[in-house]
Ligand code: GLN
């Protein structure tokens with residue numbers, strides 16, 4: 001059935017492309033390709049029918065085989081669990097497909113101090129990333145477990161296999177890519193600068209001006225820290241004050257300990273809404289991609305999570321979750 005829809009869509013696209021071709025050359029190419037497409041489509045569709053019938057019957061066979069295989073492996077799995085003394089040892093959550101840190105669960109490492117991506121509300125961890133992880137877990141037939149830790153510790157938790165994925169508004173950077181594998185990106189982040197309303201800093205460029213000497217507050221080991229260390233501290237244009245939470249850096253700005261804070265746009269908006277007398281500069285520091293961090297040593301799980309995330313992006317689920325928390329400007 002899906003094949004039919006895909007074929008129909010593909011041929012509709014080719015036909016509409018043919019219709020759009022304004023240059024004679026293009027349209028003749030388009031015609032050729034649409035003809036080619038049509039004839040191959042006709043072939044494919046009859047093949048599709050055959051193969052879908054073939055698939056159905058072989059699927060039916062497989063699933064009955066799978067049932068008995070499951071039963072076998074289920075027994076093996078149980079005795080294995082019984083034998084294992086350490087709770088931390090990875091066990092197969094779906095025998096033969098992938099393993100997770102805790103059997104039957106998807107463990108997400110995060111730092112729940114990054115609204116609206118992750119924050120604590122009524123004793124629970126809420127936010128965009130928590131909902132995305134729940135949707136991925138749902139697709140994989142797993143229950144979501146959230147492990148709240150310092151932002152700093154997430155990569156290590158993922159590398160060591162204690163957590164299955166790090167989902168924390170985490171930016172894809174080349175250095176991090178040496179430590180972990182990132183899934184496809186699910187959101188865009190922007191590093192912005194928060195200042196006091198009466199600040200002499202009026203644009204991002206003021207931070208890089210000759211003779212500048214600002215104290216910049218950041219959350220430790222975030223990209224805000226990494227970029228400002230390179231661009232400002234290492235260039236002799238100021239010093240960086242590192243805090244374990246973004247909100248603490250914002251408090252330091254409020255009390256005059258730092259001149260500005262460089263942090264991701266969405267938490268910046270949430271913090272500025274909470275603290276009087278602060279504003280976000282209109283000029284942006286840098287735009288970046290958020291993705292989930294995963295171990296390089298668990299390819300099967302990576303593939304399963306990445307595929308689930310891709311499906312959730314394609315069917316609009318991820319955008320729906322983001323829209324619940326972030327209103328379009
Ligand atoms: N996007 C930033 C980074 O990856 C900040 C993430 C965070 O503080 N949770 O470094």
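So here's what we get for this one:
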read-out	value
Condition met for residue 274 (within 15 Å of the ligand (Cβ to nearest atom) and assigned by TED's automatic domain parsing to the domain that holds residue 215)	no
Residues of the stretch 303-329 classified as under 15 Å from residue 186 (Cα atoms) and in contact with a strand residue (DSSP E or B) (Cβ under 7 Å, 6 or more places away or on another chain), total	7
Residue in the stretch 184-199 that is within 15 Å of the ligand (Cβ to nearest atom), part of a helix (DSSP H, G or I), in contact with a helix residue (DSSP H, G or I) (Cβ under 6 Å, 6 or more places away or on another chain) and at pLDDT 95 or above present	no
Among (1) in a strand (DSSP E or B); (2) within 14 Å of the ligand (Cβ to nearest atom) - the single one residue 145 does not satisfy	(2)
Any hit, the stretch 251-260, residues being under 14 Å from the mean Cα position of the chain (by Cα) and modelled with pLDDT of 95 or more	no
Breaking point among (1) more than 13 Å from the ligand (Cβ to nearest atom); (2) under 30 Å from residue 99 (Cβ atoms); (3) surrounded by 23 or more Cβ atoms within 10 Å (Cβ to Cβ), for residue 170	(1)
Filter result (more than 11 Å from the ligand (Cβ to nearest atom) and within 21 Å of residue 245 (Cα to Cα)) within the stretch 173-183	none
Criterion violated by residue 306 - all others in (1) touching a residue at least 60 places away in the same chain (Cβ under 8 Å); (2) out of contact with any helix residue (DSSP H, G or I) (no Cβ under 8 Å at 6 or more places or on another chain); (3) outside the structural domain of residue 150 (by TED's automatic domain parsing) satisfied	(3)
Cβ pairs under 6 Å, 6+ apart, first in the stretch 199-228 and within 19 Å of residue 279 (Cα to Cα), second near the ligand (Cβ under 9 Å from one of its atoms)	218/224; 218/225; 219/246; 224/191; 224/263
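The values are calculated or read from the model by the stated rules, or taken from the named source; none is laboratory data. All values derive from a computational prediction rather than experimental measurement. Counting neighbours? That spans all protein chains shown, and the Cβs are built from the backbone with ideal geometry, glycine included.
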